[in-house]
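First up is the structure itself, then whatever we jot down about it.
The values are calculated or read from the model by the stated rules, or taken from the named source; none is laboratory data. Worth saying up front: this structure is predicted, and the values here are computed from it rather than measured. When we count neighbours, we look across all protein chains shown, and the Cβ atoms used for this are built from the backbone with ideal geometry, even at glycine. Please note that ligands, DNA and RNA were not included when accessible areas were found on the heavy atoms of the full protein model with its side chains. Shrake-Rupley method; radii C 1.70, N 1.55, O 1.52, S 1.80 Å.
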Amino acid sequence: MTLRFLTAGESHGPALIATLDGLPSGLKVDLDSINADLARRQSGSGAGPRMKMEQDRAVILGGLMGGHTTGAPLAMMIENRDHAHWKGISVDPFTIPRPGHADLTGAVKFGYSDLRPALERASARETATRVAVGSVCRQLLANFGIEVGGYVTSIGSVEANLQSIPLQERISIARKSDTGCPDPSASQAMQTLIRETTLAKDTLGGIIEAVAIGLPVGLGSFTQWDKRLEARIGAAILSIQAIKGVEIGPAFENTRHPGTSVQDAIHVENSQLIRPSNRCGGIEGGISNGLPVIVRAAMKPIATTLTPQSSVNLATGEGIDTRYERSDFCPVPRAVVVVESMLAFVLADALLEKLGGDSLSEMRPRYENLKKMRLGDLTMDNTAHIWWPE
Ligand SMILES: Cc1cc2nc3c(=O)[nH]c(=O)nc-3n(C[C@H](O)[C@H](O)[C@H](O)COP(=O)(O)O)c2cc1C
Ligand SMILES: C=C(O[C@@H]1CC(C(=O)O)=C[C@@H](OP(=O)(O)O)[C@H]1O)C(=O)O
């Protein structure tokens, strides 16, 4: 891994921290763009009351001089405004685990006598730092003409019909939509469903699609399992809280058809390879093939519900229903930018690995060479070879 990041901090502690290591020098970092991405993570239908309290802003504490990266680790901090309400306050123990959250597994694993430390760190509040990291990665990718975006394709049983909307348009419409869904009629139905489900004291999941446009051929590799691009994307997306399924392109739909109907034909026009379809989601053999990378992520309906669920009081051993504190109802719209961010991170890492170099100016000419690769550059002959001499 060329690029890596670690995060620290609790949901109701003073702040969250991210350290992004491995960036080249010379990248101009736009703080306003980072903050705009952070704001996207806070808005959308189905968000809970906490999102009105926070106003996420990144503070850059290291790795940046004169607005440009130096090649040193980039350190970023995001304050938790809600911390002020918890500071110095004695908090009742939390001993009734919510099914589907990290309360029970976290407490058993770490031996907590109160479930709060588990929820504090497991909380998706941490995704604010991932969005800050992803935003910087996105800025690196933009230097090479690569754009990452995303949108919601379903919430509960409401599915969008996106066939007639080009990828770039889906991204820009989604950014203006409360549900993050580019299909206006589906978006309206989603809003109604979120409202009804919230009134019914329940929660909703959905599917998010993230796409990367303008990628070169050659990111990732089949030479080792952990170098395969889809494996790296899959792990990164599945690391997001409540994301339980990932597919590359229409992977599950492809299984319903015979092989000849799901491969993306290779055509040649003016010595250039053309792929008229993209059912592979932009990756073949663990390597990007120049088509848009398309990733679909399934988000489960979240665990904290106003309707009580069957659990146990770990302090007494008695069966008891869960208690409600505060929560989102449907965080799918605001998770779009989180999925985009993890995709941007993996692609930035794979690009850095492919191009090498410690500075942006070292990377640029290498990228130009990579983009120039055409069919004629492949020097193949028709002679037979003895590959395995006796
Ligand atoms: C943006 C976002 C917001 C979330 N908000 C909540 C929430 O308000 N309440 C909740 O119970 N879970 C929420 N989750 C999901 C939990 O963090 C997650 O279910 C929990 O950490 C357990 O992890 P797991 O679902 O991945 O197993 C949210 C997830 C994301 C990505
Ligand atoms: C704070 C955020 O999301 C939180 C994620 C979350 C969870 O359990 O994952 C539970 C809720 O926390 P709280 O009980 O403090 O309201 C969400 O608000 C955030 O995304 O910034």
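Cβ-Cβ distance below 6 Å, separation of 6 or more or different chains: which pairs start in region 284-306 with a residue that is within 11 Å of ligand 1 (Cβ to nearest atom) and end on one that is modelled with pLDDT under 95 and of a type in the set (Asp, Glu)? Close Cβ pairs (under 6 Å, with a partner that is modelled with pLDDT under 95 and of a type in the set (Asp, Glu)) do not exist here.
All conditions but one from (1) more than 22 Å from Thr305 (Cβ to Cβ); (2) open to solvent by 60 Å² or more (accessible area, probe 1.4 Å); (3) among the polar types (S, T, N, Q) apply to Asn80; the one that does not is (2).
As a summary of the residue check, Thr197 satisfies the conditions (1) surrounded by fewer than 17 Cβ atoms within 10 Å (Cβ to Cβ); (2) closer than 21 Å to Pro301 by Cα except for the one numbered (1). So for region 242-265 (the condition being basic (Lys, Arg), modelled with pLDDT of 95 or more, open to solvent by 70 Å² or more (accessible area, probe 1.4 Å) and in a loop (DSSP other than H, G, I, E, B)), does at least one residue qualify? Yes, because at least one residue in region 242-265 is basic (Lys, Arg), modelled with pLDDT of 95 or more, open to solvent by 70 Å² or more (accessible area, probe 1.4 Å) and in a loop (DSSP other than H, G, I, E, B). Take the residues in region 170-191 that are among the hydroxyl-bearing types (Ser, Thr, Tyr) and assigned to a helix (DSSP H, G or I); name whichever of them is nearest to Gly282 (Cα to Cα). Selected residue: Ser172. Considering each of Ile233, Ile194 in turn, give the residue that is within 16 Å of ligand 1 (Cβ to nearest atom), aliphatic (A, V, I, L, M) and assigned to a helix (DSSP H, G or I). Answer to the check: Ile194. Which one is nearest to ligand 1 (Cβ to nearest atom), of the residues in region 312-332 that are in contact with a strand residue (DSSP E or B) (Cβ under 6 Å, 6 or more places away or on another chain) and touching a residue at least 12 places away in the same chain (Cβ under 8 Å)? So the residue we want is Val332. Residues of region 31-45 that are away from ligand 2 (no atom under 13 Å from the Cβ), among the hydrophobic types (A, V, I, L, M, F, W, C) and crowded, with 18+ Cβ neighbours inside 10 Å: Ile34 alone.
In the set (1) more than 28 Å from Ala297 (Cβ to Cβ); (2) within 12 Å of ligand 2 (Cβ to nearest atom), His68 fails one condition alone, (2). Taken together, Glu368, Glu340, Glu390, Glu325 contain a single residue that is at pLDDT below 95, within 16 Å of ligand 2 (Cβ to nearest atom) and either in contact with a Leu (Cβ under 8 Å, 6 or more places away or on another chain) or charged (D, E, K, R) (or both), which is Glu325.
Can you confirm whether Gly63 is crowded, with 20+ Cβ neighbours inside 10 Å and more than 16 Å from ligand 2 (Cβ to nearest atom)? Here the answer is yes, as Gly63 does meet what is asked.
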